[in-house]
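Step one of this worksheet: look at the structure below.
The values are calculated or read from the model by the stated rules, or taken from the named source; none is laboratory data. Every value quoted in this text rests on a predicted model; they were computed, and no experiment measured them. Cβ placement follows ideal geometry from the backbone for every residue including glycine, while neighbour counts extend to all protein chains displayed. When the accessible area is computed, the model is the full protein with side chains, heavy atoms only, and any ligands, DNA or RNA have been set aside. Shrake-Rupley method; radii C 1.70, N 1.55, O 1.52, S 1.80 Å.
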Amino acid sequence: MDFKRIKQILLHIILIIVAVGMLFPLFWMILLSIKEFPERYRTFAEMIFSPYTIGNYLDTLSSDIFGTYFLNSVIVATLVTAGNIVFCIMVAYVFARKDFPGKDAIFVSVLAVLIIPPHVVMIPLYRMMVNFGWINSYFSLVIPWMVTPFAIFLLRQFISTIPVDIEDAARIDGAGQWYILFRIIMPICKPILTVLGIYTFLGNWNSFLFPYLFTNDDFYRTLPVGLTFYLGKQSIDWGHLMAGAGISALPIIVIFIFFQKQIIQGLTAGALKE
Amino acid sequence: MTKIELKNIVKEYQEGVRAVDNFSIKADAGDFVVLVGPSGCGKSTVLRMIAGLEDITSGEIYFGEQLVNNLEPQQRNIGMVFQNYALYPHLSVFENLAFPLKIIKTNKKDIESRVKQISSITGLGELLHRKPKQLSGGQRQRVALARALIRQPAIFLFDEPLSNLDAKLRIQMRSDILDLHKTAGTTSVYVTHDQTEAMTMGTKIAVVDKGKLQQYGKPDEIYSKPQNLFVAGFLGSPQMNFIPLDLAEGELKNSFLSIPLSDLSLNQNAGISGSNLTGGIRPEHLNADVDSGIFRAEISRIEYLGHEQYIHCKINNTGICVRDNSPGKYTPGDNIGINFDFKNMHLFDNTSLRIN
């Protein structure tokens, strides 16, 4: 066996170990979710060979409150994603194409926001939401996240690579500014908007801290927040918690399967555009 | 058919840079005006100001009798073809062509018949369902052309439309554009840096350099009577030979030439004075001879083109290029005699302006 082959085998072994490490929590979640009272088993083997059930899933799906959490997550993630696409493309377009005094300074300040960890603004933002009366409301879950510096930056970089001549041609053909933005620029940005949409949706679907801070009424809780309430004070209902987690992970898994290509593209975003 | 008039157009950028300086031309209805000049000379800026894509610092632009300075591009009734085609990449060829009509809310039936008509004129019939990226460069430019044509604009603008195409396709497209111009008769302004395109396509040529109009006229006028050294050197390939000359005792002289003023076709001898004059003579007006010549020079290089050749000589640091029809007769290193008719010589003063 030559050196190259040994290297390859070693590499594969390492990758397999890493993959198992990554997939184990997922496997554990599914295993626990299909057992009645999983906490009563003492050994792994005992658990594997005991009867399986989908009862936890049926219970979770039929519980009213879980449905509310799920719906809230869908509403919030969808609105935030739509907001990021529609509003950020407008801001990005202006930064990419228009000239006005102070443009560079404003753009740099937008970028600077990227550096600030969200947790730093936790308390000021909370105070703001309280003052607006937005605690326990969709407003606090949606509006602060509708325009993000990351999306502005990503789209601005992409729009800058689109030849200006295309817009000039459209202008001569009789198109106005809005028409050019939404009928010419936006469709051309489709690949990057897909990436942005997926990232934003996933990010919001999983978002925990701020929805947790801004809601204390079950009616407005999203899935990640709601699930924590399965952790009771004295005991934890593992079976139902894991079934809930499984259902909440489902959209993410589906998105990853269907949009793999775009997600990988997103990692190299900015460098794309044929 | 609309005439175009540019009156003292100026384009100044914030930093005080004048991209276009006091530019005035007049194009009659049906003219095909070519703006030609080296890259960065401001010719595209002039075109973009005509299109309304660029603001004018001062001056006036008229389409017919109408002042269009303050009209938006879409109000000017123009069609424009860009260097990089500027097709809408997400739309099919059909949708690209239909785009201008859709915006003015043409009904579906009319759009379809117009697209059909225009695509058959431009030979795009088979490609209507394709996306721009599935087309070759030539086909893309044809789509751009068709899209500009479809609204039947009063004025056509071309911004170096052929410079992304290969040489063979360029010649083909050149004649296609001229054919379209002949049928439609639309007043056109065409920007290029290619002098061959300028000479072959333009009914009028405007030579531009450093934002200023150097000369404006018919191709043959510009070629045979260049108004200054820039125009003389820019048009013609290989370029005109420039020979430094001084005026002394009624003769134009340098170390190897002396030409009696009376032998030049001059209007007014009084205008000529002093030194640092430049004589210009095109390669095709020079003859090489084995024995006799007005002056003799050594051959440094021969460019063989098949049907003819260009002999490059050197004499006292002055390069001279001679067109010759007898390939094989000379070899580099030969000393040859060079003859020419003094009447073919262009004379420029020390400010580079034409004298004769």
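List of remarks:
- Helix A:122-132 axis, angle to chain A major axis (alpha carbon atoms, nearest 10°): 70 degrees
- Across the options B:Gly37, B:Phe256, A:Trp145, the greatest Cα extent toward the positive end of the charge dipole of the protein assembly as shown (unit charges at beta carbon of Lys, Arg, Asp, Glu) belongs to A:Trp145.
- Per-pair calculated FRET efficiency, R0 = 56 Å: A:Ile14 and B:Val290 via Cβ, rounded to 0.05: 0.10
- Per-residue shielding of B:97-108, expressed as the average number of other chain Cβ atoms within 10 Å of the residue Cβ, stands at 2.
- Shape of chain B, Cα gyration tensor, a/c cut at 1.5: prolate
- Expressed as a whole percent, the accessible surface of the protein assembly as shown that belongs to carbon and sulfur atoms is 58, based on a 1.4 Å probe.
- The charge dipole of the range B:238-348, taken about its Cα centre with unit charges on the Cβ atoms of Lys, Arg (+1), Asp and Glu (-1) only, comes to about 200 debye.
- For chain B, the Cβ-based charge dipole about the Cα centre amounts to some 1660 debye (Lys, Arg positive; Asp, Glu negative; other atoms uncharged).
- Cα gyration tensor shape of the range B:238-348, rounded if a/c is under 1.5, else prolate or oblate by comparing a/b with b/c: prolate
- Rolled with a 1.4 Å probe across the full set of protein chains, the surface gives B:Asp291 an accessible area near 120 Å².
- Computed E for B:Glu15/B:Glu60 - FRET, C-beta separation, R0 25 angstrom, nearest 0.05: 0.55
- Legend: mean number of C-beta atoms from other chains within 10 angstrom of residue C-beta atoms, peptide B:76-85, equals 3.
- Close amide H contacts of B:Gln83 (hydrogens built in the peptide plane, cut-off under 5 Å, sequence separation of 5 or more or a different chain): B:Asp159.
- Once C-alpha pairs closer than 8 Å and six or more residues apart are averaged by separation and normalised to the residue number of chain B, the relative contact order reads 16 percent.
- Of the residues B:Ile171, A:Ile180, the one with the largest accessible area comes first in the ranking B:Ile171, A:Ile180, computed with a 1.4 Å probe on protein heavy atoms.
- For A:Leu71 and A:Ile264, the FRET efficiency from 1/(1 + (r/R0)^6), where r spans their Cβ atoms and R0 equals 41 Å, is about 0.85.
- Tensor-based shape of the protein assembly as shown (alpha-carbon gyration tensor, a/c under 1.5 rounded, otherwise prolate or oblate): prolate
- Percent of beta bridges antiparallel (DSSP, the protein assembly as shown, rounded to nearest 5): 75 percent
- Which of B:Gly233, B:Tyr223, B:Thr200, positive extreme of dipole for the range B:189-263 (C-beta unit charges): B:Thr200
- Working note: Karplus 6.51/-1.76/1.60 with θ = phi - 60° gives the range A:99-110 the couplings 10, 7, x, x, 4, 4, 4, 5, 5, 4, 5, 5 Hz, where Gly and Pro are set to x.
- Cβ charges +1 (Lys, Arg) and -1 (Asp, Glu), total dipole of the protein assembly as shown, debye: 1500 debye
- Rounded to the nearest 100, the interface formed by chains B and A buries 1700 square angstrom of accessible surface, both chains summed, with a 1.4 Å probe.
- Ligands, DNA and RNA excluded, the heavy atoms of B:Tyr216 present near 60 Å² of accessible surface to a 1.4 Å solvent probe.
- Angle between chain B longest axis and helix B:93-103 axis [Cα atoms, degrees, rounded to 10]: 70 degrees
- Probe 1.4 Å, all protein chains present, accessible-area order of B:Glu160, B:Glu72, largest first: B:Glu72, B:Glu160
- Heavy-atom accessible area per residue - chain B, 1.4 Å, Å²: 46 Å²
- For B:Ser300, the residues whose amide H sits under 5 Å from its own are B:His312, B:Cys313, B:Lys314, B:Gly333, ignoring neighbours fewer than 5 places away on the same chain, with H placed 1.01 Å from N.
- Over 26 Å between alpha carbons, listed pairs A:Lys261/B:Lys102; B:Lys26/B:Lys102; A:Lys98/B:Lys43; B:Lys43/B:Lys343; B:Lys7/B:Lys218; A:Lys98/A:Lys190: A:Lys261/B:Lys102; B:Lys26/B:Lys102; B:Lys43/B:Lys343
- The residue list A:Ile54, A:Ile257, A:Ile184 was ranked by how far each Cα lies along the charge dipole of the range A:39-268 toward its positive end, using unit charges on Cβ atoms, and A:Ile184 comes out on top.
- Each peptide in A:89-98, B:101-110 receives the mean, over its residues, of other Cβ atoms within 10 Å, and ordering these scores from highest gives A:89-98, B:101-110.
- With viscosity 1.306 mPa s and temperature 10 °C, the Kirkwood radius over alpha carbon pairs of the range A:125-274 converts through Stokes-Einstein to a diffusion coefficient of 86 µm²/s.
- For the range B:5-15, putting each phi into the Karplus relation 6.51 cos²θ - 1.76 cosθ + 1.60 with θ = phi - 60° gives couplings of 9, 10, 10, 6, 6, 10, 10, 10, 8, 3, 6 Hz, in residue order, rounded to whole numbers and with x for Gly and Pro.
- Relative to the dominant Cα principal axis of chain A, helix A:149-160 is inclined by about 50°.
- Built amide H within the under 5 Å cut-off of B:Leu286, gap 5+: B:Arg323
- Å² of accessible area per residue within chain A, as computed with a 1.4 Å probe and no ligands counted: 57 Å²
- Taken one residue at a time, the phi angles of the range B:204-211 give Karplus couplings (6.51, -1.76, 1.60, θ = phi - 60°) of 9, 10, 10, 8, 10, 8, 6, x Hz. Gly and Pro are set to x.
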